[in-house]
Structures are given as C-alpha cells and as structure tokens.
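Q: Below is one structure. I have some questions about it.
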Ligand SMILES: [Zn+2]
C-alpha cells in the first residue's frame, strides 16, 4: 500500500489544500476525502510524486464527513466523471463510500447544483446515483474497497465523522479523520502500523498538547495532518506530513 498525501491544511488554510490522501491500492486508487479545488490539489500532489493520476482514474472515494474542507470537491469530481461518461471518455461511475448519516444528507447538499437534467436540454432531474455508486460503511463491518479491507469508527466531531483502519495483505494504515482527542479512538487506530492523526484547536479537534502526552510507542506511529498554518513543528516530536509526500507501507 502506498499513500500519497494530497492536502495537510485545516478549513482556514491560506497555504495548503484540505486534508486528504490518495491510496494506491491493489485494485485501483482510493481517495480519502475530497476537498476543493480537488482537480488542482490532485494535480499538484501527484505531479510532485510522479504519479500523474487525475479524477478520471480514481474509482473509489471515502468521505469521512460533510464539512466543506473535506467534501466540497465532490461536486466537481462528480461533474467531471458524469460528463466523462456522457462523452464516452471515462466509462465507469465512481463509488462513493460514506457512513449512513452522510448517505442520508449528502444529496441535500449537492442537489441545488447537481439535480439539473444532463445532458443539457434533456428531461428528468438528475439524482445522486447518476453521479456516484453510493456504498455505506458501517462500524463493525469490514468493507473491501479496491482490494483493501476497510473498517470505520465514529469520532466525537460535531457532525457524523468516521475514522478509518485500512488493511492489505501485509500492512495496515489508520486515518483519524476530524476528531476531538479521544484515547479510545487512538487505541483503535493503534492497531495499524502507521496512522495519520489530525491536530488543531479543540474542542472539536485534537490539540497537539494532548497527543504529546501519548506514550512514545504510539507517537512514533503518528503522522500529523489538518494543522493550522501557524503550526510550529518544534512543539512535538511527531512527524508532520507534507503535500506530495508518499507513505510506503
Ligand atoms: Zn470537520
């Protein structure tokens, strides 16, 4: 499994893309979260890493939650792929993996701009299923995505949010998603060999001071993301991620 970091920023970053990553999985590419501007963010990071992957080659997206800094790119990803199907350029419809509460609310968010009939001039409103094959992730049930086994766990963030544990045959990787500091969530993520954890101002995020209290054996596994622009790396001995960086497991 190889993980390319697409964005490391928080919701208000002036310098970074929103926190997100692209996994090179055994059976394709999996995007974790879809911030705006997704096409530019993918181009910037894949170019740095020499991957040259655009939205036309990513058939699986996992959305951890609906805050805009994690999900605003879904609209332009969806349009890109649907137009690609209509003109025969990209044959497949992408799968969108979300928790049940997100599956129930997502279209409310997207419909005002995406429900118009397509192609232009045709009749009948568009639906979410015209853009994405929506799959529900449930805690306690492992889902196979692009050849990876994916488990999820709800965090205590103010809107329904899932952290992820991702396994292939050899390795495992964790993704905290947005979360307040919660030791049970960290213990769950600690099943992985390496995990990405967010850090930002509480109470809906995890202050770096809380992560600094963890045992060294856990801190060594953590890679930091979702950081404020003024984050000072000297505050911690944990490693901060960079956009375009590849984690090879
Ligand atoms: Zn959030």
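Computed from the coordinates by the stated procedures, all read-outs in this text should not be read as laboratory data. Small disclaimer: the values here were computed from a predicted structure and weren't measured. Neighbour counts are summed over all protein chains in view; Cβ atoms, including those assigned to glycine, are modelled from backbone coordinates with ideal geometry.
Q: Would you compute, from DSSP H runs of 4+ residues alone, the mean residue ellipticity of the chain at 222 nm, taking -39500 (n - 2.57) per run and dividing by the full residue count, rounded to the nearest 500?
A: -7000 deg cm²/dmol
Q: Report the dimensions of the stretch 2-248 along its three principal axes from the alpha-carbon atoms, largest first, rounded to Å.
A: That works out to 59, 38, 36 Å along the principal axes.
Q: Separation between the residue 129 and residue 113 pseudo-spin-labels, each 7 Å from Cα along Cα→Cβ, expressed in nm?
A: 2.5 nm
Q: What order do you get for 29, 131 when you list them from fewest to most C-beta neighbours inside 10 Å?
A: Details: 29 20, 131 24.
Fewest-to-most ranking of 29, 131: 29, 131.
Q: Only counting other Cβ atoms within 10 Å, I'd like 198, 243 sorted with the fewest neighbours first.
A: So the ranking, lowest neighbour count to highest, is 243, 198.
Q: So what is the relative contact order for the chain, in percent, with contacts set as C-alpha pairs under 8 Å and at least six apart?
A: Values: 550 pairs, mean separation 49.9, N = 249.
Relative contact order comes out at 20 percent.
Q: Another question about this same structure. Can you order the peptides 103-109, 159-165 by their average number of other Cβ atoms within 10 Å per residue, highest first?
A: Most protected by this proxy first, the peptides run 159-165, 103-109.
Q: Let me ask something else about it. For the chain, set up a GNM with springs between Cα atoms under 10 Å and report which of 79, 12, 120 has the largest fluctuation.
A: Answer for the Gaussian network model of the chain: 120.
Q: What angle, in degrees between 0 and 90 and rounded to the nearest 10, separates the Cα long axis of helix 38-49 from the longest principal axis of the Cα atoms of the chain?
A: 50 degrees
Q: So how do 19, 113 line up by other beta-carbon neighbours within 10 Å, fewest first?
A: 113, 19
Q: Expressed as cubic angstrom per residue, what is the convex hull volume of the alpha carbon set of the stretch 35-178?
A: For the stretch 35-178, the hull spanned by Cα atoms encloses 124 Å³ per residue.
Q: Please give the peptides 203-213, 33-43 ranked by average Cβ packing (other Cβ atoms within 10 Å per residue), highest first, as a rough proxy for protection.
A: Descending packing order for the listed peptides: 33-43, 203-213.
Q: Now for a separate question. Using the alpha carbon gyration tensor of the stretch 96-210, what are the three equivalent-ellipsoid semi-axes (square root of 5 times each eigenvalue), largest first, in whole Å?
A: Listed largest to smallest, the semi-axes of the stretch 96-210 are 32, 19, 10 Å.
Q: In nm, give the distance between the simple-model label positions of residue 15 and residue 248, each being 7 Å from the Cα along the Cα-to-Cβ direction.
A: Going by the 7 Å Cα→Cβ label model, 2.8 nm.
Q: So what's the stretch 1-69 giving for Rg/Rh, alpha carbon basis, Kirkwood Rh from the mean inverse pair distance?
A: In the stretch 1-69, Rg relative to Rh is 0.94.
Q: Using only Cα positions of the stretch 157-225, each an equal point scatterer, no hydration layer, compute I(q)/I(0) via Debye at q = 0.26, 0.28 Å⁻¹ and quote the log10 values to two decimals.
A: -1.21, -1.37
Q: Quote the FRET efficiency, to the nearest 0.05, computed for residue 48 versus residue 235 with a Förster distance R0 of 30 Å and r equal to the Cβ-Cβ distance.
A: The computed FRET efficiency comes out at 0.70.
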